[in-house]
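Below is one structure, written out as structure tokens; comments come after it.
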Amino acid sequence: MPAERPAVFFDRDGTLIHEAHYCAKPSQVRAFDGAPEALVKLSEAGFALVIVTNQSGIGRGYFTLEDYRRVHEEVLGQLRPAEITAAYHDESTPDAPSPRRKPSVAMLEEAAREHGLDLSRSWMVGDKTSDIECGKNAGMRTVLVETGHGKDHLACGADAIATGLVGAVDFILRQSSCRK
């Protein structure tokens, strides 16, 4: 396996795309302005890009796994030309969480094993406390975005807070250039 590289892990809803209550249809997907260009900058700086998302709508029966897959393809399409390295999801509900559900690090560890990623040099970006706790639990640095549910989670203990995805990426790139 090649040498381990850092990654930026992203929550999906409210972080990469506008929050759509239980996003079940491709027509509901709206990537944030500047998201593709920001993600390309991260890739060019050597980061793998990984989506980790809790999708309790599947577990609740609000939409199917096939619906999720169609939405995921639309997300990937709207984020092009950025290339997402991998995406992981958990279908469990908060009242019956699986061992994979964020804030568990299971999805991050799976990505690290499958793609040769160094979690200690990686970042987690999300709009909820569970995203930030997930990153912290894995020993990563974290950025909370104020989009989605972010403004309700400002006290989550993130290493940084950004108004949105573009600001989070700019912060990560500034910090990473200082750590080379």
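The values are calculated or read from the model by the stated rules, or taken from the named source; none is laboratory data. None of the values given here were measured: they were computed from a predicted structure. Positions of Cβ are generated from backbone atoms using ideal geometry, with glycine treated the same way; all protein chains shown enter the neighbour counts.
For region 77-86, the condition of being on the phi > 0 side of the Ramachandran plot and among the small types (Gly, Ala, Ser) holds for none of the residues. Is there a residue in region 89-107 that is of a type in the set (D, E, K, R), at pLDDT 95 or above and farther than 24 Å from Phe63 by Cβ? No, there is no match, as no residue in region 89-107 is of a type in the set (D, E, K, R), at pLDDT 95 or above and farther than 24 Å from Phe63 by Cβ.
For region 151-166, the criterion of being of a type in the set (A, V, I, L, M, F, W, C), touching a Phe, Trp or Tyr at 6+ places or on another chain (Cβ under 8 Å), touching a residue at least 60 places away in the same chain (Cβ under 8 Å) and surrounded by fewer than 24 Cβ atoms within 10 Å (Cβ to Cβ) is met by at least one residue.
Do we find that Glu91 is over 23 Å from Gln175 (Cα atoms) and touching a Gly at 6+ places or on another chain (Cβ under 6 Å) in this structure? Considered against the rule, which asks whether it is over 23 Å from Gln175 (Cα atoms) and touching a Gly at 6+ places or on another chain (Cβ under 6 Å), Glu91 comes out as yes. Tell me yes or no: at least one residue of region 87-105 is without any contact (Cβ under 8 Å) to a residue 24 or more places away in the chain and within 17 Å of Ala31 (Cα to Cα). Within region 87-105, none of the residues are without any contact (Cβ under 8 Å) to a residue 24 or more places away in the chain and within 17 Å of Ala31 (Cα to Cα).
In region 81-122, what residues are crowded, with 17+ Cβ neighbours inside 10 Å, in contact with a Ser or Thr (Cβ under 8 Å, 6 or more places away or on another chain) and of a type in the set (D, E, K, R)? The answer is Asp90, Arg100, Arg101, Lys102. Evaluation of Ala24 against the conditions (1) closer than 21 Å to Leu165 by Cβ; (2) of a type in the set (A, V, I, L, M); (3) at pLDDT 95 or above shows that the sole unmet condition is (1). Here the condition is being of a type in the set (Phe, Trp, Tyr) and touching a His at 6+ places or on another chain (Cβ under 8 Å); of Tyr68, Tyr88, Tyr62, it holds for Tyr68 alone. Looking for something at pLDDT 95 or above and touching a His at 6+ places or on another chain (Cβ under 9 Å) - is there at least one such residue anywhere in region 149-172? No - not one qualifying residue is present in region 149-172. Residues considered: Arg12, Arg30, Arg70. Of these, the only one that is surrounded by 20 or more Cβ atoms within 10 Å (Cβ to Cβ) and basic (Lys, Arg) is Arg12.
Scanning region 1-44 for residues that are touching a Cys at 6+ places or on another chain (Cβ under 9 Å), within 22 Å of Asp152 (Cβ to Cβ) and not in a strand (DSSP E or B) yields Asp11, Arg12.
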